[in-house]
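To start, the structure itself, in structure tokens.
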Amino acid sequence: MKALVFKKFGGPDVLTYETIPDPVIKEDEVLVRMKAIGLNFADVYRRKGNYHLVGNPPYILGYEGAGVVEAVGDAVQGFKKGDRIAFADVPHANAELAAVPKDRIIPIPDGISFETAASLLLQGLTAHYLTKDSYKIQEGDVVLVHAAAGGVGQLLVQIVNLLGGTVIGLTSSAEKAAKAKELGATSVYLYEENWVEKVKEAYPNGVDVAYDSVGATLMDSFSSVRTGGTVVFYGMAGGDPALVDPRMLMDTSKTLTGGDLWNVLTSHEERVGRSSELFTWMLEEKLRLPAPTVFALQDGQKAHEYLESRKSTGKILLLP
């Protein structure tokens, strides 16, 4: 099979498109012919050597994708050749074929394309647990969403609205602010503004919850939430957060909670159940995804360069 591989850590130029042996599936795996592969910043971090990799070179990136079952291991029941499936956490997806453990298989319903499934899962499942588990959105909640035009941010805006909340978005440009408003944010402020002051002007008591994926803004997020409110910290795109004094939490009755998808996707039932709700929202047109930017798998270098340029507001897909 053909695969996008690298043999040493570095920039996009270390990626090459080569012929390597097909994967040999175990009895509890299925062999999937890939149709669409999600590209994420985690792939960049692995390519650079920031994240640990198992095994020896050549390494194959990619953890998210969708395709068609080609072969089924002896211990796998309920799936057959020709089934359309997706996954969010299976390594070595940057290839024409991938071995997928049975507990990671997510069936794709009719009406959902391979491209949609590969665009939705990682970011969609993240937005899902943030709004259902890290802080359970209730009708009437006022919610501050950082990076509201980003991949997870766009989904957070829509899901908060679906669950009855009101969204205040934060973005880095007027263009991104327009996108967040289009998706349902009631108001959007730019990071270059004194956004904490603007939030407090609109909601003097503060918002109920802030979803912070920036990191360096953590203390400003605390300033924006009400007494007894919550800050959900789930990323550091803008740098490390300041240390939090627990006495501040005590004095203000505020809550700081973290979030990590892999602490939630602990079973096949969790994967399928949460994905099914996302797919249903898509089919009911309650949830929208921006059109992905598509690259051929053999053009993986260009795709990585584009992702690192941060010019994209939607998903980047690799097509074998």
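Descriptive notes on the structure:
- For the chain, modelled as a GNM whose springs connect Cα atoms under 10 angstrom apart, the maximal fluctuation among MET248, MET219, MET236 occurs at MET248.
- Förster radius 35 Å - calculated FRET efficiency between GLU269 and ASN56, Cβ distance, rounded to 0.05: 0.55
- Prolate/oblate/rounded label for region 43-166 (Cα gyration tensor, a/c 1.5): oblate
- Average Cα contact separation per residue, region 94-224, under 8 Å, 6 or more apart, as relative contact order %: 20 percent
- Selected from ILE168, GLY49, LEU261, residue furthest toward positive end of dipole (the chain; charges at beta carbon): GLY49
- The simple spin-label model puts a point 7 Å past each Cα toward its Cβ; for ASP240 and ILE20 those points are separated by 3.3 nm.
- Working from label points 7 Å from Cα in the Cα-to-Cβ sense, the ALA71 to ARG288 distance is 4.4 nm.
- Of the trypsin sites (Lys or Arg not before Pro) found in region 225-274, no site is in coil according to DSSP while having at most 13 other Cβ atoms within 10 Å of its Cβ.
- Inter-site label distance for LYS198 and LEU163 at 7 Å from Cα along Cβ, in nm: 2.5 nm
- Per-pair calculated FRET efficiency, R0 = 25 Å: ASP251 and LYS136 via Cβ, rounded to 0.05: 0.50
- Each of GLY215, ALA177, ALA127 was placed along the dipole of region 92-221 (beta-carbon charges, centred on the mean Cα), and the one lying farthest toward the positive end is ALA127.
- The mean accessible area for residues of region 57-184, using a 1.4 Å probe and ignoring ligands and nucleic acids, is 34 Å² per residue.
- Given R0 = 25 Å, the distance between the Cβ atoms of GLU182 and SER309 translates into a calculated FRET efficiency of 0.65.
- Listed residues TYR234, TYR203, TYR51, TYR129 arranged by accessible area, highest first, probe 1.4 Å: TYR51, TYR203, TYR234, TYR129
- Solvent-accessible area of region 27-81 (1.4 angstrom probe, protein heavy atoms only): carbon and sulfur portion equals 45 percent.
- Nearest-20 debye value, the chain charge dipole, Cβ charges on Lys, Arg, Asp, Glu: 360 debye
- The trypsin sites (Lys or Arg not before Pro) of region 32-101 that meet both conditions, a loop assignment by DSSP and at most 14 other Cβ atoms within 10 Å of the site Cβ, are LYS80, LYS81.
- Between region 100-172 and region 233-250, the Cα center-to-center distance that results, in Å: 23 Å
The values are calculated or read from the model by the stated rules, or taken from the named source; none is laboratory data. Since the structure is predicted, the reported quantities are computational estimates derived from the model, not experimental observations. Virtual Cβ from ideal backbone geometry, glycine too; neighbours counted across all protein chains shown. SASA here: full protein model, heavy atoms, side chains in, ligands and nucleic acids out. Shrake-Rupley method; radii C 1.70, N 1.55, O 1.52, S 1.80 Å.
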